[in-house]
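Beneath this line is the structure, given in structure tokens, with notes to follow.
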Amino acid sequence: MNELKVDISTLRLKNPIMSASGTFGFGYEFMEYYDTSVLGAIVCKGISKEPRRGNYGNRIAEIDGGIINSIGLENPGISEFLEKILPMIKTINTAYIVNILGSDLDEYLYLAEKLSELPRVDAIEVNISCPNVKAGGLSFGKDINLIKDLTRRLRDIFPKPIIIKVSPDLPYIEIAKICRNEGIDAITCINTIQSLLIDVEKKTFFFNNLYGGLSGPAIKPIALRVVYQVAKEVGIPVIGCGGIMSYKDAVEFFMAGATAVQIGTANFTNPLSAYEILKDLMSYLEKNKIHSVSELRIW
Amino acid sequence: MTKYNQLKVVHVRHYKANYVSLTLSYDNQMEIPMPGQFFMLKPHNTLLGRPISVHNFFRILKKGYIEFLFKIVGKGTKNLSELKRGDYVSLWGPIGNSFPTFENKKTAILVAGGRGIAPLFFLATKLFEKRYEIHFFYGVKKSEELIHILRLRNMSNKLFISTEDGKRGKKGLITDLFKSAINTYTSSLKDNLLFHDQGNNAVCYVCGPDIMMEKVCEVSLSHKIKTYISLESHIACGSGVCLGCTVESTGGQLFHVCKEGPVFDAEEIYCK
């Protein structure tokens, strides 16, 4: 019998398959398709202090090999999350990781503090790499001194595991090193990659907010590169994310050095994807007599 | 209840003007679809499914069948159009809300523009069963796009057709035909069923291009007719999680087509 359990520092996950933030709602939406408690963890849609309405105009487009989104972090805000959403996820029996985002340092700290005492919240994932918002997002993640300050102060406030989500648009190695030194528990690699889409017919930029974030199979090789570099050069646990559409893709991430993986865009192409990837991964491990995904690492 | 499934294609029909109808053998474990609802159908050559509204649902000897009607507009719909009898298609649904019907309203005005016929035909069959008086307005660019004219004529008390090429029905836009017909009704037929009690007896359902819907609603709302529209959007997930399918009301409010729609009260969308 293989052992699917993995540890993200003090957080034990029953298996290494998680949902990626922004592709899985709050976890109960997919209950119509399968019991989402089977997943190792649910990472919810990013939450900010105040509700955010998101971007106007076009928000999503499919391109060859991927999709580009410019949702703009639409979310109900922390108050509604605590009052209305948290009670609804009580029945989901797996680790729950809340993704947080802010326009400035204070917003991140405020959110972390609000979430720190809640037993249902097992960890936070901190988004410092959203490519399609004007304030915060990538501009925040590029300020190394700010990242140092943020990670140190988050660590003081939040006692459970803290995960920082980076993208290849950021100096991710440098950020990962800071995170390791400040006692951050893991890094999610990678967020979507900043992209530009043009509407040839209309002779305009496709998104009102100009940039979007590219996800899906097209970014998998880049994600693998970042996972490998951060895991090997920095030596901090890495949660791999980016274009995982099948169990084989997930295996590649474990081979590159990921401790766990997140399923994102695949949830859109088939709502059962995360569940099917988990099932197929189990069969693969069984068939190859591999006892733990950590054995898959090829370096 | 199963929401995701693979269903067998039992019939494919290619109409003129790139319209295709796909009939699938339905699974009893799935929810029965209502007019206005849609499914995500997954082409083999794309990442995302394509949102396609239900065109018909019927039973033959207790066995359920679902029919989708769509126009080939890109590589996803092209791929779906190439399905053959016996193939399986992955899909999930039914998604979204449906056109509401009322006990106290028995006159329905349906206004379809182009491929807006897809959900409104299904709605007409249900309204016909409920013995509504149906006034059907159907406009297309080219006359060969017209579909189901005989069946629509049978179900409707009055069928109004407009084509931009003028080869069938009235030449011009359905919005103009609709406007003049409604004005004629109101001015000449005082005792017409439509406008008893300032239009409270009638309900209007509209589906078509954005600009056409807006113009139709301007007329129907000015006559105080309760109006429902079915909106289209780029839809990635159909599960309410990607938040990509927003539409904006004239008042600036955002709605998600797959969660709060696709059917909306026209006053929600067009009121400032």
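Of all the criteria given as (1) at pLDDT 85 or above; (2) part of a loop (DSSP other than H, G, I, E, B); (3) facing another protein chain (nearest Cβ under 10 Å); (4) surrounded by fewer than 22 Cβ atoms within 10 Å (Cβ to Cβ), the one not satisfied by B:Glu232 is (3).
Would a scan of segment A:204-220 turn up a residue that is of a type outside the set (Phe, Trp, Tyr), part of a strand (DSSP E or B) and surrounded by fewer than 19 Cβ atoms within 10 Å (Cβ to Cβ)?
First, pick out the residues of segment A:204-220 that are of a type outside the set (Phe, Trp, Tyr): A:204, A:208-210, A:212-220.
This time we only want the ones that are part of a strand (DSSP E or B), so: A:204, A:212-215.
Okay, now just the ones that are also surrounded by fewer than 19 Cβ atoms within 10 Å (Cβ to Cβ), so A:204.
Yes.
Taking segment A:224-257 as the range and being more than 24 Å from A:Ser283 (Cβ to Cβ) and in a helix (DSSP H, G or I) as the test, the residues that pass are A:Arg225, A:Val226, A:Tyr228, A:Gln229, A:Val230, A:Ala231, A:Lys232, A:Glu233, A:Val234.
Screening A:Leu101 against (1) at pLDDT 95 or above; (2) touching a strand residue (DSSP E or B) at 6+ places or on another chain (Cβ under 6 Å); (3) of a type in the set (A, V, I, L, M) leaves a single unmet condition, (1). Checked against the criterion of being buried (at least 17 other Cβ atoms within 10 Å of the Cβ), of a type outside the set (Gly, Ala, Ser) and within 24 Å of A:Lys148 (Cβ to Cβ), the candidates A:Val226, A:Val251, A:Val261, A:Val293 yield just one match: A:Val226. The residues listed here are A:Ala256, A:Ala266; of these, the one that is over 30 Å from B:Pro51 (Cβ atoms) and touching a residue at least 12 places away in the same chain (Cβ under 8 Å) is A:Ala256. Condition check for B:Ser90 on (1) out of contact with any helix residue (DSSP H, G or I) (no Cβ under 6 Å at 6 or more places or on another chain); (2) not assigned by TED's automatic domain parsing to the domain that holds B:Lys8: one failure, at (2). For the residues B:Gln6, B:Gln37, the requirement of being surrounded by fewer than 21 Cβ atoms within 10 Å (Cβ to Cβ) and not hydrophobic (A, V, I, L, M, F, W, C) singles out B:Gln6.
Can you confirm whether A:Thr265 is out of contact with any Asp or Glu (no Cβ under 7 Å at 6 or more places or on another chain), within 14 Å of another protein chain (Cβ to nearest Cβ), farther than 28 Å from A:Ile184 by Cα and modelled with pLDDT of 95 or more? No.
Applying the criterion of being outside any loop (DSSP other than H, G, I, E, B) and either of a type in the set (Phe, Trp, Tyr) or touching a Ser or Thr at 6+ places or on another chain (Cβ under 9 Å) (or both) to the residues of segment A:65-89, the residue that is farthest from the other protein chains (Cβ to nearest Cβ) is A:Ile78.
Considering each of A:Phe26, A:Phe30 in turn, give the residue that is within 14 Å of another protein chain (Cβ to nearest Cβ) and part of a loop (DSSP other than H, G, I, E, B). On inspection, the qualifying residue turns out to be A:Phe26. Among the conditions (1) out of contact with any Phe, Trp or Tyr (no Cβ under 9 Å at 6 or more places or on another chain); (2) more than 9 Å from chain B (Cβ to nearest Cβ); (3) modelled with pLDDT of 95 or more, the only one that A:Glu62 does not satisfy is (2). Any idea which residue in segment B:246-271 is surrounded by the most Cβ atoms within 10 Å (Cβ to Cβ), counting only those that are β-branched (Val, Ile, Thr) and within 17 Å of A:Ile71 (Cα to Cα)? It comes out as B:Thr246.
The values are calculated or read from the model by the stated rules, or taken from the named source; none is laboratory data. Just so it is clear, the model here is predicted, and its values are computed rather than measured. Cβ atoms come from the backbone with ideal geometry, glycine included; neighbour counts cover every protein chain shown.
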